[in-house]
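Quick notes on the structure that follows.
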């Protein structure tokens, strides 16, 4: 990705706190306990919610997000009750590894996917719970929002304000909703919830992305396991250090303006992060999208604007070009300036601007 996000301090981390508590203090202790609401006493906010859901269950309210959550927690508890201590330890390790998103992306730990778990009733119930928890509506319930003390819309406002997002960092092409917009961008499950258990509401695995990156390109693609089955690395969206990504544009026919995708070659480099670059391109089709942008904005606007300046004001054309390039340097993430800069640099390199004036 072009630049990493900063994580915001917000109470929505309580989403994952609920799951972590249930896993460690309820499910993993199932062999030594009988199921009861008392098991949730250690986390008062969760206890309040589970007590409300328990009352609903007694009243015969067995539909909706609350019933889904309450029923799933109980059913998975009963399956954990049959596990041996070594099996419990295995699940603990699985939970810890799958929630260490940064080390998974860096290839320092191995994740466990649903496909790698034993095909039994426990696996089926964990998958049904974890893969749909985020979208189930549970965290939109009034009692849940009250106990957590925040909601995703509040989180996004704080998040967008802190990150001051001029564009989607996964492509750099699409503007992102700001703190002032009435809408918010969708949170992408960077490690897809359809493939990985236990991290679907972990904010370290939830990264806002534009609709083209999230829905139309990445979808449920696995960052860590391509279709060839060879594990690889991926950029971590919340790294504390920037990735020194360089984008360059090459024209395959130097004596004319490119007119097809075959006429443009996009080079992406990041020293020491070759695997991550390949993963980035595989997930978001970055090279193809950048080439397409060059064919549309590059030919019809970026280059033409410079040519018009040269034709209309020949004595100040170099100044206009310098100002254009400096603007790209000063504001690289606005209006795809980072790509515009690379496009104009290639145009200058092969004297394309001079040949068309």
Would you confirm whether any residue within the range 232-251 is closer than 24 Å to residue 292 by Cα, outside the structural domain of residue 138 (by TED's automatic domain parsing), surrounded by fewer than 19 Cβ atoms within 10 Å (Cβ to Cβ) and under 14 Å from the mean Cα position of the chain (by Cα)? no
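Can you go through 279, 288 and tell me which one is modelled with pLDDT of 95 or more and surrounded by fewer than 15 Cβ atoms within 10 Å (Cβ to Cβ)? Working first, answer last.
On the way: 279 fails: surrounded by fewer than 15 Cβ atoms within 10 Å (Cβ to Cβ).
Selected residue: 288, the only one of 279, 288 that is modelled with pLDDT of 95 or more and surrounded by fewer than 15 Cβ atoms within 10 Å (Cβ to Cβ).
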Can you report the number of residues in the range 21-49 which are within 19 Å of residue 125 (Cα to Cα), free of Cβ contacts under 8 Å to residues at least 40 places away in the same chain and surrounded by 17 or more Cβ atoms within 10 Å (Cβ to Cβ)? 1
So residue 266 fits all but one of (1) free of Cβ contacts under 8 Å to residues at least 40 places away in the same chain; (2) under 27 Å from the mean Cα position of the chain (by Cα); (3) surrounded by fewer than 17 Cβ atoms within 10 Å (Cβ to Cβ); what number is the exception? (3)
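What's the total number of residues in the range 77-100 that are under 28 Å from the mean Cα position of the chain (by Cα), buried (at least 16 other Cβ atoms within 10 Å of the Cβ) and in contact (Cβ under 8 Å) with a residue 40 or more places away in the chain? It would help to see each step written out before you state the result.
Initial filter on the range 77-100 (under 28 Å from the mean Cα position of the chain (by Cα)): 90-100.
If we keep only those that are buried (at least 16 other Cβ atoms within 10 Å of the Cβ) too, we end up with 91, 94-95, 97-100.
Next, only the ones that are in contact (Cβ under 8 Å) with a residue 40 or more places away in the chain stay: 91, 94-95, 98-99.
Total meeting the criteria: 5.
Inspect the range 143-162 for any residue being under 26 Å from residue 340 (Cβ atoms) and under 12 Å from the mean Cα position of the chain (by Cα) and give the result as yes or no.
no
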The one condition residue 226 fails out of (1) buried (at least 18 other Cβ atoms within 10 Å of the Cβ); (2) in contact with a helix residue (DSSP H, G or I) (Cβ under 8 Å, 6 or more places away or on another chain); (3) outside any helix (DSSP H, G or I) is (1)
Here are some conditions: (1) farther than 23 Å from residue 208 by Cα; (2) surrounded by 13 or more Cβ atoms within 10 Å (Cβ to Cβ). Residue 272 meets all but one. Which one does it not meet? (2)
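Which of the helices (runs of 4 or more DSSP H) contained wholly in the range 115-223 include at least 2 residues that are buried (at least 19 other Cβ atoms within 10 Å of the Cβ) and touching a helix residue (DSSP H, G or I) at 6+ places or on another chain (Cβ under 6 Å)? Spell out how you get there, then give the answer.
Values: elements: 121-130, 142-148, 152-163.
Because the criterion is at least 2 residues that are buried (at least 19 other Cβ atoms within 10 Å of the Cβ) and touching a helix residue (DSSP H, G or I) at 6+ places or on another chain (Cβ under 6 Å), the helices (runs of 4 or more DSSP H) in the range 115-223 that meet it are 121-130, 142-148.
The values are calculated or read from the model by the stated rules, or taken from the named source; none is laboratory data. Remember, it's a predicted structure, so these values are computed and weren't measured experimentally. Cβ atoms come from the backbone with ideal geometry, glycine included; neighbour counts cover every protein chain shown.
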